[in-house]
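The structure appears right after this line, and notes come after that.
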Amino acid sequence: MPKRNAFFYFMLDYRNKEEKMGRKFQRLAEVVPFAGTVWEKMDAEQRKPYIQQTKTSKGQNVGPLNSLGILIKDVEEKLRAQKNKVQTITNAIADQVKSAEARHELEKEVFYVLSLTYFGCTFEGIYLPAELGVVKYNLECGVTDRMHMHIHLDEIPLGAALSVQTHTKATHQLPLPPNALGKAFGEEVAQCLLNFLGATDEIPLLFTNDQTLPIVEVMLRQLLSDRITDEMLYVCPLSELFCKLKQAAERQFLGESYFPSALTAQYILQMDCYDYVMGISCDFHEKEFNFMHCALSQATRWTYIISKFCCPNMGIECIPGKHIPLPTNNMLSDIHTDEPKPGTSSIQLSVKQKKCDNACTEAKLATGTNLENIACCLETLSISKDEPHAGDLASNAVCNLAGNDSREEEKPKTCEKKAKE
Ligand SMILES: [Zn+2]
């Protein structure tokens, strides 16, 4: 058992703080060299609280430790806190939807859906952010605003090269450091995000895919650590929101809900019936034809899926480009309805979708016209009617379960919009 001197208590404190930032230690012994370096530089005043802790804990039975040198009662406390947090988040989502429903304004309630991808992770378990996409959404108007940024990384941290190369190659394929695009994950990115969220004292609930939620939350806490308290940030499972919206929409339409659970919602989101839709990704991913892994496209697609399932129940017509992908031959309109807010950084993206024709686009692409100034459409990779997409099959199955047929919005043909950074 390690000796419980002042350094021991500092080490526990150091480990807790680092773990909140996403770092992972397998054993308490791994903390010693890192904590030791900091401890050596601390003066008597800074060490005082830890010395005090040795006095107050002397003679007390602090309880047994587990194999990692952590008090078992602390582990149990941590588990309890995690459980409470999940419950708090679930209640917050339910409250938001119920309160909007009670006001008869469910269709106007605004939600922020976010995707934050990463290059890879270090040995210590620190994830390296790569791309951020956020969508402002409500059921009535669909996607009303979007922001996007690539995250710049100067160099790949020591020991993370394999993870970075493997993960990046298999997913977003963004240029690797030192050629990474965008701005460093710091002050400017944080300000842009907070401006977009209209956040001053309070940050709205942020929704993201359940599968990457813990990673996204750690990266966001790291980004916003100087600007917010722990209690201000709630990164919530999108499946829970989808489920609550779908149930509320069905209650409105049918008087009761048949939609089973957030698990079903997650399954539908995972099927991702719009994963090959063009025209909603950032410039880089549009050019690379890598739509599926673009953070901006992901966040937009998730809201399209919610619209596809909830709007018909609410009697809301799904507008292409706002609720669902744009069809190829439609005359397109801007989806960006809000003017940039004062003080918004230039790296905040203003996404617009404009009309144009495919022939014009292809001709311009072929002649190397400046893509920054082209707002155009490309013919989509339309899904063959003979071979229905797995996502559509799944979504229709669930729709039919709920007595709702949304086939008319299937197999969208899309066009491409321009994204200006
Ligand atoms: Zn992208």
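The values are calculated or read from the model by the stated rules, or taken from the named source; none is laboratory data. Values in this document were obtained by computation on a predicted structure and should not be read as measured data. Quick reminder, even Gly has a Cβ in these numbers, built from the backbone with ideal geometry, and neighbours come from all protein chains shown.
Here are the numbers:
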{"read-out": "Restricting region 262-275 to residues that are within 24 Å of T144 (Cβ to Cβ) and modelled with pLDDT under 90, the residue that is farthest from the ligand (Cβ to nearest atom)", "value": "C273"}
{"read-out": "Conditions (1) in a helix (DSSP H, G or I); (2) within 30 Å of F289 (Cβ to Cβ); (3) more than 15 Å from the ligand (Cβ to nearest atom): number failed by V143", "value": "(1)"}
{"read-out": "Residues that are surrounded by fewer than 22 Cβ atoms within 10 Å (Cβ to Cβ) and either at pLDDT below 90 or of a type outside the set (V, I, T) (or both), drawn from region 161-172", "value": "A161, L162, S163, Q165, H167, K169, A170"}
{"read-out": "Test: A199 is without any contact (Cβ under 8 Å) to a residue 24 or more places away in the chain and of a type in the set (A, V, I, L, M, F, W, C)", "value": "yes"}
{"read-out": "Single residue of L296, L254 found to be over 19 Å from A94 (Cα atoms), within 10 Å of the ligand (Cβ to nearest atom) and either among the aliphatic types (A, V, I, L, M) or modelled with pLDDT under 90 (or both)", "value": "L296"}
{"read-out": "Residue identified as over 23 Å from I280 (Cβ atoms) and either out of contact with any strand residue (DSSP E or B) (no Cβ under 9 Å at 6 or more places or on another chain) or in the same structural domain as H293 (by the TED database) (or both) among L162, L174, L132", "value": "L162"}
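Each row is one residue, and each column tells you yes or no for (1) small (G, A, S); (2) in the same structural domain as L132 (by the TED database); (3) more than 25 Å from E202 (Cα to Cα); (4) assigned to a helix (DSSP H, G or I).
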{"residue": "G36", "(1), (2), (3), (4)": "yes, no, yes, yes"}
{"residue": "E45", "(1), (2), (3), (4)": "no, no, yes, yes"}
{"residue": "T54", "(1), (2), (3), (4)": "no, no, yes, yes"}
{"residue": "E77", "(1), (2), (3), (4)": "no, yes, yes, yes"}
{"residue": "Q82", "(1), (2), (3), (4)": "no, yes, no, yes"}
{"residue": "E101", "(1), (2), (3), (4)": "no, yes, no, yes"}
{"residue": "H104", "(1), (2), (3), (4)": "no, yes, no, no"}
{"residue": "E107", "(1), (2), (3), (4)": "no, yes, no, yes"}
{"residue": "L114", "(1), (2), (3), (4)": "no, yes, no, no"}
